[in-house]
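Heads up, the thing below is written out as structure tokens.
The values are calculated or read from the model by the stated rules, or taken from the named source; none is laboratory data. All values derive from a computational prediction rather than experimental measurement. Virtual Cβ from ideal backbone geometry, glycine too; neighbours counted across all protein chains shown.
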Amino acid sequence: MQNYLIKNITVVNEGQSSVNDVLIKDGRIEKIGASIQPTGAVTEINGEGKHLLPGAIDDQVHFREPGLTHKANIYTESKAAVAGGVTSFMEMPNTMPPVFTQELLEDKYNIGANTSLANYSFFMGTSNDNIDEILKTNDKKNDVCGVKVFMGSSTGGLLVDNYLTLDKIFGGSEVLIATHCEDEKIIKANFERIKKEKSVLEASDHPLIRDENGCFESSFTAIQFAKKHNSRLHILHISTEKELQLFTNMIPLADKRITAEVCVHHLHFTSNEYATLGNRIKCNPAIKAPHNREALWAALLDDRLDVIATDHAPHTLAEKGYVRAADGSLQLAEGGSYEHSHAGLPLVQHSLPMMLHYVQQGAISIEKVVEKMSHAVATCFQIADRGFIREGYRADLVMVDLHQSTTVKADNILYKCGWSPLEGFTFPATITNTFVNGHMVYGNGVWDESQKGERLRFAR
């Protein structure tokens, strides 16, 4: 394995930024300090003027393999992740077939081992009738990130709406339980009411159908189960101001039994953008009215919200109801209706650049971005030896040039689906180099795919 010495780079880690050298040896961070003089052969990289961050860890992605690989696969989306500074991901079980057995779960780990350019972990799936398989995950608590419970609409039969099953999951699981919280009854009632009022539904109706109350009631229910059993609960993609009253910043993250995630699209978009982006930003839970975004930002900064993720969920343009015109723009296809458009948007290549945009805007510090996208995720999931720039840790590292802008274009999008709701947006920063386990997978536009990522391990 090649070793590296990054010279004179601004290291962003654990709330501080300071210029140092970083020596990478045998896949780990060997030394951090001024004017390191290595013994043995190293490749030296001039980091002057750039920043070194721990690789981002995305705790919620949908890479669509197996069964839905016309949209995406683990290879293509992990490559997009690495290009965007994401060195580790945790992927969801709503593939085809859904991950309802331990055998199917290990099948995904085998795919990851053979094809993923980033480090990987996969959630065990839940249904109303696979409780025995769910609880077998307890025997893999050091090797599996958690179990995923869809408490709102999902694909492939993953909706868990039986309270007896939920009680068994929360009462029996010894690993982290990650929940998608939307109340199915509220969603259906809203849909039927609005459908009667309007002959044709539009994308702007989405946050009215999947509204604040539906999110709050479901999150509240999950928390009641977690408190009853003292379960380790992690609620995904919080999208409403109302839900924020359910979370606290009075407990250190390492001691929290109930944690919460916010996604970049809920920090970036509001319901105002449906007028221009339409079904391209249709996702579950919905992007909602502007006051929710402002509340999410406040809760992120004061630590009621613990981590930032993407919920990367690619669909083809046809599935979203769009076509790419001759000039490269995206246009609504004939028959591209709201009701037929799939929910979800691709984001994993652009999440860190998006947050660096907000650093430039003064909304958040770069140290806080690193905390929420790397440190806190590692702490929340108890990931071993990752998420920090520390001597002895795995060298999952990202070099960033904050003075070189990047514009999202069709020809630089790496998602297999080939589009982004951010097309035309210019970020103020560029990811120049990404190291995964000390291997420079990506460097100034050049790829070295000779080494694959590793399975994440958890110190539980």
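Per the listing Ser231, Ser204, Ser199, the residue uniquely more than 23 Å from Asp302 (Cα to Cα), out of contact with any His (no Cβ under 8 Å at 6 or more places or on another chain) and free of Cβ contacts under 8 Å to residues at least 24 places away in the same chain is Ser199. Might you check whether a residue that is small (Gly, Ala, Ser) and out of contact with any strand residue (DSSP E or B) (no Cβ under 8 Å at 6 or more places or on another chain) occurs anywhere in region 437-449? Yes, region 437-449 contains at least one residue that is small (Gly, Ala, Ser) and out of contact with any strand residue (DSSP E or B) (no Cβ under 8 Å at 6 or more places or on another chain).
Restricted to region 127-157, and to residues there that are under 17 Å from Ser219 (Cα atoms) and of a type outside the set (D, E, K, R), the residue that is surrounded by the most Cβ atoms within 10 Å (Cβ to Cβ) is Val149.
Taking the conditions (1) within 20 Å of Arg210 (Cβ to Cβ); (2) at pLDDT below 95; (3) among the acidic types (Asp, Glu) in turn, Asp311 satisfies each one other than (2). How many residues, within region 357-366, are crowded, with 17+ Cβ neighbours inside 10 Å and in a helix (DSSP H, G or I)? Going through region 357-366 one residue at a time, the tally reaches 4. Only one of the numbered conditions (1) of a type in the set (Gly, Ala, Ser); (2) assigned by TED's automatic domain parsing to the domain that holds Ser121; (3) touching a strand residue (DSSP E or B) at 6+ places or on another chain (Cβ under 8 Å) is violated by Gly67, and that is (3). Answer yes if at least one residue in region 320-343 is modelled with pLDDT of 95 or more, under 16 Å from the mean Cα position of the chain (by Cα), assigned to a helix (DSSP H, G or I) and surrounded by 20 or more Cβ atoms within 10 Å (Cβ to Cβ), and no otherwise. For region 320-343, residues modelled with pLDDT of 95 or more, under 16 Å from the mean Cα position of the chain (by Cα), assigned to a helix (DSSP H, G or I) and surrounded by 20 or more Cβ atoms within 10 Å (Cβ to Cβ): absent. Restricted to strands (runs of 3 or more DSSP E) entirely inside region 1-99, those with at least 2 residues that are among the polar types (S, T, N, Q) and buried (at least 18 other Cβ atoms within 10 Å of the Cβ) are 4-13, 86-91. Quick check: anything in region 281-296 touching a Lys or Arg at 6+ places or on another chain (Cβ under 8 Å) and not in a loop (DSSP other than H, G, I, E, B)? Looking for residues that are touching a Lys or Arg at 6+ places or on another chain (Cβ under 8 Å) and not in a loop (DSSP other than H, G, I, E, B), one finds none in region 281-296, hence no. Counting only strands (runs of 3 or more DSSP E) that fall entirely inside region 384-460 and contain at least 3 residues that are of a type in the set (Val, Ile, Thr), on the phi < 0 side of the Ramachandran plot and assigned by TED's automatic domain parsing to the domain that holds Thr76, no element qualifies. Taking every residue in region 247-267 that is in the same structural domain as Leu300 (by TED's automatic domain parsing) and pairing it with any residue that is assigned to a helix (DSSP H, G or I) and surrounded by fewer than 14 Cβ atoms within 10 Å (Cβ to Cβ), at least 6 positions away or on another chain, the pairs with Cβ-Cβ distances below 9 Å are Arg257/Lys227; Ile258/Lys227.
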